[in-house]
Amino acid sequence: MMVFEKISELKRRDENVLVSFIVAGDPDKDRTIEYLHALDESSDIIELGIPFSDPVADGKTIQEGYVRALKNGFKVSDIFDIVRKFRERSDTPIVLMTYYNLVYVRGLERFLKEAKFAGADGLIVVDLPVEEGEEYIRYCKNFGLDTIFLIAPNTSRDRIVNIDNATTGFIYLISLYGTTGAKKTVSDEAFELLKKTKSICKNPLLVGFGISNQEQVASLIKAGADGVIVGSAFVDIIGRCKDDKDVVSGLKKKAKELKDALYP
Amino acid sequence: MIDMRKFGDFGGIYVPETLMEPLIELEKFYSEIKDDEVFNKELEYYYRYFAGRPTPLYLAKNLTEKIGGAKIYLKREDLVHGGAHKLNNTIAQALLAKKMGKRRIIAETGAGQHGTATAMAGSLFKLKTEIYMGEEDIQRQKMNVFRMELMGAEVHSVGSGSKTLKDAVNEALRDWAANVIDTHYLIGSVIGPHPYPTMVRDFQSIIGRETREAIIKEEGCLPDKIVACVGGGSNAIGMFHPFLNDKVGLIGVEAGGKGLSTGKHSASLCNGKKGVLHGALTYLLQDDDGQINQTSSIAAGLDYPGVGPEHSFLKDTGRVKYTTIDDKKALEAFLILSKEEGIIPALESAHAVAYAIELAKDMAKDDNIVVCLSGRGDKDVEIVKDSIDRGVIKI
């Protein structure tokens with residue numbers, strides 16, 4: 001199912017969207033698949049981060065997830081195995097989150113083709129702004145992959161229009177100045193950004209960076225967000241819990257808690 | 001649409017969205033101010049009276065005689081205030097930041113030379129200054145850390161990844177994303193997203209312009225060869241750029257570390273593959289997946305897995321020849337220059353000296369070579385002493 005279809009279907013039921021992020025291969029391939037199924041119970045879209053050695057957009061929690069995966073021998077080809085295996089038991093849309101070098105080195109066309117064949121539905125390339133993305137957008141269109149771009153609190157009006165035009169699926173609103181990582185409250189910038197983008201964008205608006213609890217989710221939905229993207233809160237559970245069973249139950253509980261706050 | 005300034009395929013702006021607007025703002029501001037008379041007058045003043053420019057072009061007579069080949073000239077960037085060419089860029093960017101209304105500057109540093117030069121400029125222009133430096137580099141360059149602190153800068157230790165320059169850049173980029181409104185990121189080399197590679201090159205080109213004037217005065221002609229070390233590549237591009245359209249052989253020397261075959265080196269141009277890191281498409285040391293490799297060099301300032309995108313372009317066009325010098329040869333050149341000329345070079349610059357010595361041997365006596373002596377070596381004496389004590393080299 002395409003990302004946009006999924007979001008439209010939820011919106012028809014007056015539901016808002018939970019995108020749940022974890023790091024592929026953290027701590028290994030098999031457990032990632034297990035964790036994805038745990039998240040799947042309450043998540044609408046899965047975002048799978050591809051570990052990179054130099055993740056400049058990420059805070060400590062997700063960086064550590066990348067380090068765990070790379071230490072255990074994660075290879076970029078593993079991402080396609082993980083998606084393929086997950087697909088055997090679920091049709092929840094999957095979005096791959098990556099840094100551009102991993103795509104560039106594999107070859108743009110090859111990477112996107114492999115992603116599509118494995119069963120991924122879209123991509124977020126966190127350090128590829130629309131200005132550098134012409135070829136990428138063209139290939140994604142050919143392969144039927146959603147191109148999800150980000151908008152930051154300081155993105156200008158002109159660029160918001162360009163980004164919205166280049167986006168399919170949903171817009172990823174960055175809620176704060178800084179990197180990923182759980183925060184307790186929502187910054188004022190997030191509300192201002194929602195207000196600004198709401199009047200400009202035709203795509204659904206999902207808010208990420210720093211979102212980790214029900215109060216934040218409820219306030220964002222009230223302010224007009226179509227959903228939220230949560231990452232560090234899940235990756236933290238994986239990093240913290242020693243026992244595999246605790247991770248699985250922790251992920252399930254957190255995802256359900258967040259999804260509950262997304263109903264009207 | 002912003003001006004996507006590239007060098008062939010290289011360069012560009014590959015950054016998280018939060019950094020796009022500050023980069024566009026910076027590009028706009030820089031393009032307006034770079035030909036501004038007042039700005040350039042002010043810059044000239046600080047170059048002269050604060051930095052000590054122009055620096056001499058010095059004929060290394062003893063070294064030339066000892067080698068018995070081409071004449072070796074040294075462009076004495078080691079005499080710039082702070083002991084390296086880095087101040088050429090930091091004064092200019094700090095002045096620019098001040099005019100942009102920024103109150104805080106941040107920087108990455110490897111050997112600590114750029115951090116020191118940033119601390120100087122920060123103090124000069126009363127800007128709050130914070131420096132990111134890898135844990136490992138802090139260990140091997142303690143004196144520079146203290147110098148930065150003396151001048152009022154705060155030094156943050158970076159413990160992630162390889163704990164060197166690359167990781168310091170990552171952390172500075174994260175800081176910048178969190179503080180874009182009042183902070184300018186003062187990148188220390190010709191790396192990073194546009195407009196940095198162009199802007200830093202312009203600020204460092206004073207090295208080449210002065211060299212050109214001095215050599216014509218001295219020799220009545222341009223040099224036959226120019227040699228400079230390349231980490232990120234700012235002293236090299238600053239030296240090369242005013243000569244790109246001339247018939248002058250340009251050679252960039254990368255850190256060969258423990259040898260290219262060992263994988264422990266920092267030779268991105270000689271041994272890397274194209275990729276995207278820290279905002280630009282350029283040659284990188286990386287594995288088959290695109291994960292960035294750990295690098296190695298005895299010179300902390302060369303210990304970086306990427307290189308300025310313009311160097312990648314100049315390599316591909318063939319205009320500049322890039323080669324490597326390993327740790328041992330750099331150490332030997334460090335000793336030779338110290339002993340023969342009474343000039344202690346930075347280990348980074350010693351790479352260029354070492355290659356120039358090899359080159360001079362096979363050239364005629366009336367040929368001339370210019371070496372960019374990018375920094376002085378006081379910061380490196382402990383490392384060199386340790387290498388002597390361990391028997392790696394003999395004094």
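Quick note: the coordinates plus some simple rules give every number you see, no bench work behind them. Predicted, not measured: the structure shown is a model, and the values here were computed from it. A quick note on method: Cβ atoms are made from the backbone with ideal geometry, for glycine too, and the neighbour counts reach across all protein chains shown.
Residues whose amide H lies under 5 Å from that of residue A:227, counting only those 5 or more places away or on a different chain, are A:17, A:207; hydrogens are built 1.01 Å from N in the peptide plane. The charge dipole of chain B, taken about its Cα centre with unit charges on the Cβ of Lys, Arg, Asp and Glu (plus for the first two, minus for the last two), comes to roughly 620 debye. Net charge around residue A:96, counting only other residues with Cβ within less than 11 Å of its Cβ (Lys, Arg = +1; Asp, Glu = -1)? Value of the local net charge: -3. Looking at region A:3-258, what % of the alpha carbon pairs are farther apart than 36 Å? Considering region A:3-258, 5 percent of its Cα-Cα pairs are separated by more than 36 Å. Amide H contacts of residue B:286 (H built 1.01 Å from N, in plane; Pro and chain starts excluded): B:273, B:293 sit under 5 Å, all sequence-distant by 5 or more or on other chains. 3J(HN,Hα) along region B:95-103: 5, 4, 4, 4, 5, 6, x, 7, 10 Hz, from the Karplus curve 6.51 cos²θ - 1.76 cosθ + 1.60 with θ = phi - 60°, whole Hz, x for Gly and Pro. DSSP beta bridges confined to chain B are antiparallel in about 30 percent of cases.
The Kirkwood hydrodynamic radius of the protein assembly as shown, based on inverse pair distances between different Cα atoms, is 25.8 Å.
The lysines whose alpha-carbon is closer than 23 Å to the alpha-carbon of residue A:198, local same-chain residues fewer than 8 away aside, are A:6, A:11, A:222, A:259. The base-10 log of I(q)/I(0) for region B:191-274, evaluated at q = 0.11, 0.21 Å⁻¹, reads -0.36, -0.99 [Debye formula, identical scatterers on Cα atoms, solvent excluded]. Charge tally around residue A:109: other residues with Cβ under 13 Å, Lys/Arg +1 each, Asp/Glu -1 each, net +4.
Give the percent of DSSP beta bridges with both residues in the protein assembly as shown that are antiparallel, rounded to the nearest 5. The answer is about 20 percent antiparallel. Entry note, region A:3-258: relative contact order of 22 percent, from Cα contacts under 8 Å with a spacing of 6+ residues.
Taken over chain B, the percentage of Cα pairs per 10 Å bin, counting from 0 up to the bin with the maximum distance, is 5, 25, 36, 25, 8, 1. First select every other residue whose beta carbon is under 12 angstrom from the beta carbon of residue B:120; then total the charges, Lys and Arg +1, Asp and Glu -1. Result for the neighbourhood of residue B:120: +2. Ordered by the number of other Cβ atoms lying within 10 Å of each residue's own Cβ, fewest first, B:229, A:241 fall into the sequence A:241, B:229. Taking all C-alpha pairs of region B:1-127, those more than 20 Å from each other amount to 59 percent. Straight-line cross-link reach from residue A:141 at under 16 Å between alpha-carbon atoms covers these lysines, not counting any fewer than eight positions away in the same chain: A:113, A:116. Taking 7 Å steps out from each Cα toward its Cβ at residue B:294 and residue B:392 produces label points 1.6 nm apart. Evaluating 6.51 cos²θ - 1.76 cosθ + 1.60 at θ = phi - 60° for every residue in region A:124-137, the Karplus couplings come out as 10, 10, 5, 10, 10, x, 3, 4, 9, x, 3, 5, 4, 4 Hz, glycine and proline recorded as x.
Between residue B:73 and B:60, B:369, B:370, B:371, the built amide H atoms are under 5 Å apart, and every one of these is 5 or more places off in sequence or on another chain. Its convex hull of Cα atoms gives region A:1-151 a direction-averaged projected area, equal to a quarter of the hull surface, of 8.8 nm².
Per-residue Cβ neighbour counts within 10 Å put A:249, A:42 in the sequence A:249, A:42, beginning with the fewest.
Normalised by the number of residues in chain B, the mean separation of alpha-carbon contacts (under 8 Å, six or more apart) gives a relative contact order of 20 percent. Where in chain A lies the longest segment free of trypsin sites (Lys or Arg not before Pro) that are both loop residues by DSSP (not H, G, I, E, B) and have at most 13 other Cβ atoms within 10 Å? Free of exposed loop sites, the longest segment is A:90-183. Per-residue Karplus couplings for region B:308-315, computed as 6.51 cos²θ - 1.76 cosθ + 1.60 with θ equal to phi - 60°, are listed in order as x, x, 5, 5, 4, 5, 5, 5 Hz, Gly and Pro entered as x.
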